[in-house]
Structure formats: C-alpha cells, structure tokens
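These notes concern the structure reproduced below.
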Amino acid sequence: MRKMLFAPLIACMVVLLSMVLMPTVSAKTLKFDQIIVVDEYAEAGPNHPDEYVYWKGTITGGITGTVYFWENWEKNYIVGKVEHFFEEFYIDLGDGWVSGYDKGVWNFATFKYRAHGFVTAASENYAGMIGNFLFEEGTTTDPNLGFPITGTGRGFMGP
C-alpha cells in the first residue's frame, strides 16, 4: 500500500518542482511614459538594417530605455480618418533588450493613437518578459505638417 501512495506523491513533487524552476513571465506590470518621434534617420535602427524611417524615442518609469517602432507599411490601411497600423518594436534597456509586435489605430482627426501587442523575444536577462502584453496610447503632432512627427503617451508592459 505504501508503494502505491509513494509513486503518485513523487510524481506530484516532480511536477510542482518543475513548475517552480520553470522561467516565468514577469508578474509585475511596468508602467511607462514615452516620447517618440518618426523621422528619416541617418542610421538604421536595431534589427532593421535597411530602414531609415521609423519611430524612435524614450520610455521612462517602470521600464526605461530607448524604444523603436517599425511600421509594416504593406499591412497598414486607412478607413475614413483612422489608420490601422502594424509594427515591430525593440526596446533597448541598456543592460539588455526586448522586442515584439503591436497593432493599433491612429486617428487623423484627433491625432490620438492606441496600440497593443506582445513581447516575443528578449536578451537572456529579460527572457522572463517574453509573452508579456504591451499597451500604449498617446497623441501626436499633426502628420500633415510632415516630418518629424512627435508623439507623447504612456503605456504598460506586463503579464
């Protein structure tokens, strides 16, 4: 009888131990403020060696670093006064990085934007953030005035 109880107990302990040792997504929601600018830059940003027009800026708060967004121009579309956009992002955190994708809307009547996506890759020291949700919203300057276009906003990254 003891042997019959011992095997399930060992199996449960192995499962629980593997869950404890498994890398987990950061359980903390990190809020941030951002200032981003889209312009034609002299240098390509990280991971996009042939692209010189992208959003670049700073995020500060619970997560701090330099952020880059590259729009997927082929997928973007406009309905009325709203652009539906699709992007890749990369955040240089100084001691590592996270990257992923987002999609959102940009209203040309109000110049407000809102986007959400997920972290899909990270440096080793930020691997726990893979799978985290990213949300951002804010307002830009009038894009009809041409480059540079500046956006200010806030957001969060978390489970």
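Give Lys56/Lys103; Lys28/Lys112; Lys81/Lys103 a once-over and call out the pairs whose C-alpha atoms are over 19 Å from each other.
Beyond 19 Å between Cα atoms: Lys28/Lys112.
So who's got an amide H within less than 5 Å of the one on Asn76, skipping anything under 5 residues away but keeping other chains? H placed 1.01 Å off N, in plane.
Close amide H contacts, sequence-distant or interchain: Phe86.
Between the stretch 35-113 and the stretch 124-146, what's the alpha-carbon centroid distance in Å?
When both Cα centres are located, 7 Å separates them.
About the Cα centre of the stretch 25-158, how large is the charge dipole given +1 on each Lys and Arg Cβ and -1 on each Asp and Glu Cβ? Please answer in debye to the nearest 20.
Approximately 640 debye in magnitude.
At 0.36 nm per residue, minus the direct Cα-Cα distance, what do Asp95 and Ala121 gain on full extension? Give it in nm, one decimal, please.
Gain on extension, Asp95 to Ala121, equals 7.9 nm.
Count charges around Phe147 for me, please; just the other residues with Cβ under 13 Å from its Cβ, Lys/Arg as +1, Asp/Glu as -1.
-2
Where the Cα atoms of the stretch 27-86 are projected onto their three principal axes, how long is each span, largest first, in whole Å?
That gives 35, 31, 20 Å along the principal axes, largest extent first.
Taking just the C-alpha trace of the stretch 25-158, give me its Rg and Dmax in Å.
Rg then Dmax for the stretch 25-158, in Å: 14.2, 43.
Here, each number is a calculation from the coordinates, and none is a lab measurement. Predicted, not measured: the structure shown is a model, and the values here were computed from it. Using ideal geometry, Cβ is built from the backbone for each residue, glycine included, and neighbour counts are taken over all protein chains shown.
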